[in-house]
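Here the structure comes first, spelled out in C-alpha cells, and everything after it is commentary.
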Amino acid sequence: MREQWRAYRNGREVLREVDVVMQASVVTVCAHCGVPCSGIYRFWYELDGELMMVDADQPTIDEYMAELVESAGPDGYADLSAMVRAGNEGTGWADSSTHPFGADVGVEGFEDFVSGLRTTSAATWSADLVDALHQLAAMSALHGTTIYAMDD
Ligand SMILES: [Zn+2]
C-alpha cells in the first residue's frame, strides 16, 4: 500500500513516499468519525524497500506506558526502557516534530519496550498487540534490520 507522508520543516513541506505492508493493525476506530481519531503509533522495519508495519492505538499504548512509569516510581524511573521514558516525556521517537518520519529505536530497544509491556495489564487485555509487536521484533532481528517507531 503506497502512502505519502507529509511533514513541515522550517516552514517547508517535506514529503516521503513509502510502501507499507501491514503486519497488524491494532487500532480503535472511533464510533463517531470511523477512523482512529485518537491517534496511532506506528512501528516498522524495512525490507526490500517496503515498511513492514504494525499500527497501534496510541491511547492504549500510552495507558500501558503510564502503568510502567507509575509502578517504577521516581526511584525506578531511570531503569525503565528508553522507549518508555521517551514516550512518557514526548521526546525521541514520540516527538513527531523532531522525528516526523519516525526514529530508529533499534531492535534491542524495541524488545526492551515490548518486554516492559508484558509486565503491564497489556499482557491480559492487549495480548494481540503485544504478540504483534513481539513478532515485529523477531522478524526484524531475523532480517538483521533495525526498528523504527513513530507518533503519527
Ligand atoms: Zn472520533
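We did not get these values from a lab; they are worked out from the coordinates using the rules stated. The structure presented is a predicted model; accordingly, all values stated were derived computationally and were not measured. Cβ placement follows ideal geometry from the backbone for every residue including glycine, while neighbour counts extend to all protein chains displayed.
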D95 neighbourhood, Cβ < 10 Å, K/R = +1, D/E = -1, net charge -2
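Under the definition of Cα pairs under 8 Å and six or more residues apart, what whole-number percent is the relative contact order of the chain?
25
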Span-rule helices in the chain, defined as complete DSSP H runs reaching 15 Å or more along the axis (Cα) with Kyte mean at least -1.0
58-76, 107-118, 127-143
From the alpha carbon gyration tensor of segment 2-151, can you work out the equivalent ellipsoid semi-axes (sqrt of 5 times each eigenvalue) and give them in Å, largest to smallest?
23, 18, 17
Using a cut-off of 9 Å between beta-carbons, work out the net charge of the residues near T146 (Lys and Arg +1, Asp and Glu -1, T146 not included).
-2
If amide hydrogens are placed 1.01 Å from N in the peptide plane, which non-local residues have theirs closer than 5 Å to the one on L51?
D19, V20, V21
The answer for the net charge of residues other than A123 whose Cβ lies under 12 angstrom from its Cβ, with Lys and Arg +1 and Asp and Glu -1, is -2
Calculated from DSSP helices alone, with each H run of at least 4 adding -39500 (n - 2.57) and the total divided by the residues of the chain, [θ]222 nm to the nearest 500 comes to -12500 deg cm²/dmol
